[in-house]
1. Of all residues in segment 110-149, which are in contact with a helix residue (DSSP H, G or I) (Cβ under 8 Å, 6 or more places away or on another chain), among the hydrophobic types (A, V, I, L, M, F, W, C) and within 19 Å of residue 28 (Cα to Cα)?
2. Which residues, counting only those in segment 1-31, are buried (at least 24 other Cβ atoms within 10 Å of the Cβ) and small (Gly, Ala, Ser)?
3. Which one of these does residue 318 not meet: (1) closer than 12 Å to residue 256 by Cβ; (2) surrounded by fewer than 20 Cβ atoms within 10 Å (Cβ to Cβ)?
4. If I go through segment 37-57 residue by residue, how many of them are in contact (Cβ under 8 Å) with a residue 40 or more places away in the chain and assigned to a helix (DSSP H, G or I)?
5. Those residues that are part of a loop (DSSP other than H, G, I, E, B) and in contact with a Pro (Cβ under 8 Å, 6 or more places away or on another chain), I need them from segment 1-33; list them, please.
6. Restricting to segment 58-75, and then to whatever is at pLDDT below 95 and not in a loop (DSSP other than H, G, I, E, B), can you tell me which residue is surrounded by the most Cβ atoms within 10 Å (Cβ to Cβ)?
7. Could you check how many residues of segment 103-128 are within 28 Å of residue 141 (Cβ to Cβ) and either of a type in the set (A, V, I, L, M, F, W, C) or without any contact (Cβ under 8 Å) to a residue 60 or more places away in the chain (or both)?
8. For segment 242-341, please list each of the helices (runs of 4 or more DSSP H) lying entirely inside it that holds at least 1 residues being more than 25 Å from residue 91 (Cα to Cα) and not β-branched (Val, Ile, Thr).
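The values are calculated or read from the model by the stated rules, or taken from the named source; none is laboratory data. In this text, all values refer to a predicted model and were calculated from it rather than measured experimentally. We place every Cβ from the backbone using ideal geometry, glycine too, and count neighbours over all the protein chains shown.
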Amino acid sequence: MSVAVIGDWDADGIVAAAQFVYTQETLGAFPLRGRVHVDLIPSGPRGFRDKVLGRCWEHLIIVDIPFTADVQAGLEDLESRCKFDLYYFDHHDTTARNKGLLEGKFKALVIVGPHSTSHLVRSFLEKMGIKLTPRLRQFIEAVDYIEGGPRLHNNSEGAIKIVVSMSKRLNITKSQEEWQKFVRWLASPIPFDELELALGRDAPEIITESLRTSKEADEELREIAMNFAISAKRVGFVRLVDARGKWAGRGASALASAIHKTVKEPVVLLVSKDDGTTLVIVRSSRGEAERIVRHLFDSGVVEDKGGHQNIAIARLSKGVSVAELEKVLLRASLLMNRDNL
C-alpha cells in the first residue's frame, strides 16, 4: 500500500504534511492501519500536474494547495492511470468553491474552512481520537499566529521564528530535499527543549541554516525594498510596485512583505515568471490582501488565485494591462472603504 502527501512550500503546508507523516509512519493510524512510509512532495498549484505525472499512489493527501485548473488536470491524469483515495485539506476559497466537484468527480474527502490548513488537519485528526505530539501542537499554533490568528500561551518565539524562516528559505531554494527534511523534523516524536529552541540551539543543521538564510535575506531585501518603495505608485489605499524586468530573483512574496514593512500600507507587487506570465502579489496586515485579490478575481483581471488573509497571490489574466489593473484596484479601494464605514 502506498501513501503520498503533497503540500504547499510554505510553513502551513509543511506543518500540515508533518501531521500526516507522524500519524502514518509513527502511529500507523491514518490513512492506513499500520506503519507505512509516506512519499513527500512539495508543490504549489502551478506545476502540480508535473509533480504527479507518471506516478501513482493508493492514497493521496493534498494539503494547503488551492484547487486550480492545473491541480484538476493533474488529478485527472492520475485517475486515468490508477485508482486512488483522495483526501484534500485546504483553507483557500477556490478549494471551498470546488468542494462539490472534488467530492463528485474524484470521490474525495474534502476538509475546508477559514482556519489555517494545519489547524484543519489537527481538528480532523483529533476528532478521530489521534493525539498529536507537543512539538506538532506548538508549531500548529505558531502557524495559526502568523496566519493572523490569536497568540496563545504555547506560542514560543522560537517556534514562530522557525516557521517563518522555513518559508523564507524555501521561497529562495525551492529544494524538495529541504522541504522533506523540515517535514520529518516536525513529525519526529522525540521531545525537544523549548528554551534551547528559542535560543537557537537544540536544532538540526537544516533549521539552523534556515534561520541564518532568513536573517541574511531580510538584510538584503531591506535595501532592495527601500528602492522599490520610493517608486511605488499610490492607487487608492494600496501601493503598486511593478517589478517586472527589475526583479529576477526568487522570493517575490518575501520582497512584497519587505516593501509592505517599509511603506506601512497594503502593497500590490507585479513580478514576471519564467513562462512570461505576471504574478500579482498582495501583502497587507489587516486581512486586506485576501479581499483585494478576491475582488480582482471576481472582476476577471486575475486568475488562479491563492494565498492567505495577509498575503495573496494570483496570475494576471492574459491581455490585461496595468492600466486596467489599476482601475480595478481603485474600485476595490472605494468598495472596501465604504464597507468599513
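1. Passing the criteria: 121, 125, 130, 132, 136.
2. If the condition is that a residue be buried (at least 24 other Cβ atoms within 10 Å of the Cβ) and small (Gly, Ala, Ser), then 7, 11, 13, 16, 17, 18 are the ones that fit.
3. All conditions are met except number (1).
4. Going through segment 37-57 one residue at a time, the tally reaches 3.
5. Once the filter is applied, which keeps residues that are part of a loop (DSSP other than H, G, I, E, B) and in contact with a Pro (Cβ under 8 Å, 6 or more places away or on another chain), segment 1-33 yields 8, 9.
6. Among residues in segment 58-75 that are at pLDDT below 95 and not in a loop (DSSP other than H, G, I, E, B), the one surrounded by the most Cβ atoms within 10 Å (Cβ to Cβ) is 70.
7. Within segment 103-128, residues that are within 28 Å of residue 141 (Cβ to Cβ) and either of a type in the set (A, V, I, L, M, F, W, C) or without any contact (Cβ under 8 Å) to a residue 60 or more places away in the chain (or both) number 17.
8. In segment 242-341, the matching helices (runs of 4 or more DSSP H) lie at 252-263, 322-340.
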